[in-house]
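Step one of this worksheet: look at the structure below.
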Amino acid sequence: MKVLMLGAGATGGYFGGRMLEAGRDVTFLVREHRAAQLRGNGLVIRSPVGDLRLKPRVLISGHVHETFDLVILSCKAYDLDSAITAIAPAIGPDTAVLPLLNGLRHFELLDARFGADKVLRGLCSIAVQLSSDGAIEHLSRLHALRFGEADERRTPRVEAIDALLAGCKFDGKSSYGIQQALWEKWVMLASLAGMTCLLRANVGDIVAADEGRQLMLDTLDECIAIAGAHGHAPRQNVADGVRAILTESGSLAKASMLRDLEHGGKVEADHVLGDLIARGTAKGLASPLLKAAYASLKIYELGLKKPRKA
């Protein structure tokens, strides 16, 4: 399969790099600055499962003149509109689009733009960040990618992508419960991002503080209630696992959204928290802790828009 990876940041660069390492036909669609980094230093991955330095094929946004079999979106939600514009020339009659964004709202936008028959459902679980020199730092051994059809059928293109990912040095495979998996990841992410961003602290510091552990658990309960109201309450073992992550003493874990915030970057407040709150409100659920976290992030976003003082 001919693969186009939209983005070569931490997530797209990692999974695309591992596919390239395995000999897959992967092209990266990036902005000028990232293209210059990739052409100069190559695609660099530092990982506990093996370091890489590769010279990938790169295309610049606005200069796509060919179609691909599979287009993978690894952008942030706030860049989705520009990503849709960038990949449009790469979409042919038989192209499959696989988004790896957080939350669910992007599926509606992609379905509307390219047709629901083209858009797969997908998610990834990985802790990565982009260093100042453009290298991708893989922070743990976790590197999973799951995908499937929206209606969870086994189709020839699902089988083809399974074959594409087989042999790549990450845990990538199709899922026949992809809708449930998407909700379960959203519950985990919204709980972790909500509290670590609201309190500006990692898990270990939060649970060490008075009331911190209970705030974590209460936020998780709000997220679980919303997912349950939409028919996707997390399975018991998943919910127990998330509780353990959110209450682990001494844990340095924090949401990538908090890392973005600490570096003065944009955040996915609307996509991860705002949309979840709206879905809860539609079902008559209050979710006050999620709303407090969301308000905190929106205040932060307002600060980004203010002109800086000399």
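Here is how the numbers come out for the structure above:
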| item | result |
| --- | --- |
| The stretch 137-169, subset touching a Cys at 6+ places or on another chain (Cβ under 9 Å) and touching a residue at least 60 places away in the same chain (Cβ under 8 Å), residue most open to solvent (accessible area, probe 1.4 Å) | His143 |
| Residues (under 20 Å from Ile126 (Cα atoms) and either in contact (Cβ under 8 Å) with a residue 40 or more places away in the chain or open to solvent by 10 Å² or more (accessible area, probe 1.4 Å) (or both)) located in the stretch 81-108 | Leu98, Leu100, Leu101, Asn102, Gly103, Leu104, His106 |
| Residue, nearest to Gly9 (Cα to Cα), within the stretch 236-256, restricted to residues that are modelled with pLDDT under 95 and open to solvent by less than 50 Å² (accessible area, probe 1.4 Å) | Ser256 |
| Meets criteria (of a type outside the set (Gly, Ala, Ser) and open to solvent by less than 60 Å² (accessible area, probe 1.4 Å)) for Arg53 | no |
| In the stretch 75-123, the residues that are assigned to a strand (DSSP E or B), closer than 15 Å to Gly148 by Cα and in contact with a Ser or Thr (Cβ under 8 Å, 6 or more places away or on another chain) | Thr95 |
| Residue under evaluation Glu32, criteria (1) closer than 19 Å to Gln129 by Cβ; (2) touching a strand residue (DSSP E or B) at 6+ places or on another chain (Cβ under 7 Å); (3) acidic (Asp, Glu), criterion not met | (1) |
| Residue count, the stretch 21-35 (criterion: touching a residue at least 24 places away in the same chain (Cβ under 8 Å) and open to solvent by 20 Å² or more (accessible area, probe 1.4 Å)) | 7 |
| Any hit, the stretch 31-44, residues being modelled with pLDDT under 95 and under 22 Å from Phe114 (Cβ atoms) | yes |
| Gly134 being within 15 Å of Ala96 (Cβ to Cβ) and either surrounded by 12 or more Cβ atoms within 10 Å (Cβ to Cβ) or free of Cβ contacts under 8 Å to residues at least 60 places away in the same chain (or both) | no |
| Criterion (closer than 23 Å to Gly23 by Cα, in contact with a strand residue (DSSP E or B) (Cβ under 8 Å, 6 or more places away or on another chain), β-branched (Val, Ile, Thr) and part of a helix (DSSP H, G or I)) met by exactly one of Ile126, Ile72, Ile161 | Ile161 |
| Tally, over the stretch 36-51, of residues that are at negative phi, in contact (Cβ under 8 Å) with a residue 60 or more places away in the chain and not hydrophobic (A, V, I, L, M, F, W, C) | 5 |
| Matching residues in the stretch 263-303 - criterion: being buried (at least 20 other Cβ atoms within 10 Å of the Cβ), outside any helix (DSSP H, G or I) and either modelled with pLDDT under 95 or over 18 Å from the mean Cα position of the chain (by Cα) (or both) | Ser287 |
| Selection count, the stretch 220-235, where residues are over 19 Å from Val272 (Cα atoms) and surrounded by 18 or more Cβ atoms within 10 Å (Cβ to Cβ) | 0 |
| Residue satisfying condition, being among the polar types (S, T, N, Q) and within 30 Å of Gln37 (Cα to Cα), within set Ser174, Ser191, Ser140 | Ser140 |
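The values are calculated or read from the model by the stated rules, or taken from the named source; none is laboratory data. Since we're looking at a predicted model, the values are computed, not measured. We place every Cβ from the backbone using ideal geometry, glycine too, and count neighbours over all the protein chains shown. Surface areas here come from the heavy atoms of the whole protein model, side chains and all, with no ligands, DNA or RNA. Shrake-Rupley method; radii C 1.70, N 1.55, O 1.52, S 1.80 Å.
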